[in-house]
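We did not get these values from a lab; they are worked out from the coordinates using the rules stated. Values in this document were obtained by computation on a predicted structure and should not be read as measured data. Heads up, the Cβs are rebuilt from the backbone with ideal geometry, glycines too, and the neighbour counts pull from every protein chain shown.
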Amino acid sequence: MLYLNKGRTRMITQKAIDRFEKKIIKPKDTKCWLWTDKPTVKGYGRFFYNKRCIGINMMSWLIYKGEIPKGKLVVRTCNNKLCVNPDHLYLSTITEYRLKQNKKKKSTSKISSWKEKIKCRLASWGL
Ligand SMILES: [Zn+2]
């Protein structure tokens with residue numbers, strides 16, 4: 001069984017999983033699974049579930065891998081914003097993620113937009 005954890009525990013319905021899978025293209029090999037639905041302005045995929053907007057990487061993790069422990073983020077190993085291949089995803093702590101992003105991007109504007117993104121994500125997860 002799959003649960004969406006937000007203080008309370010919620011099950012992800014088969015209907016939602018079907019809806020999610022209809023929007024992705026899964027190549028046979030280990031390549032990225034592509035999200036085909038319209039991305040956000042910033043190029044990220046979003047999925048609506050339980051009247052909330054969830055990042056497709058988080059949704060993919062919840063469907064194929066299971067729970068996301070409190071304080072953890074789902075991060076991609078590939079740099080494809082529209083990839084939902086669970087094999088390309090791993091759990092990271094906010095600190096680890098921040099260190100990586102800081103190494104990758106030195107520009108302050110990028111870091112602040114990243115901070116906004118995290119804040120939004122944490123808020124939507126009630127962390
Ligand atoms: Zn990928």
So how do Cys83, Cys32 line up by other beta-carbon neighbours within 10 Å, fewest first?
Cys32, Cys83
Going by how many other Cβ atoms sit within 10 Å of their own, how do Leu34, Leu73, Leu99 line up, fewest first?
Leu99, Leu34, Leu73
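In whole Å, what three semi-axes, largest first, describe the equivalent ellipsoid of the range 1-101 built from its Cα gyration tensor (square root of 5 times each eigenvalue)?
19, 19, 13
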When only DSSP loop residues count, what trypsin sites (Lys or Arg not before Pro) in the range 53-101 have their Cβ near at most 13 other Cβ atoms within 10 Å?
Lys70
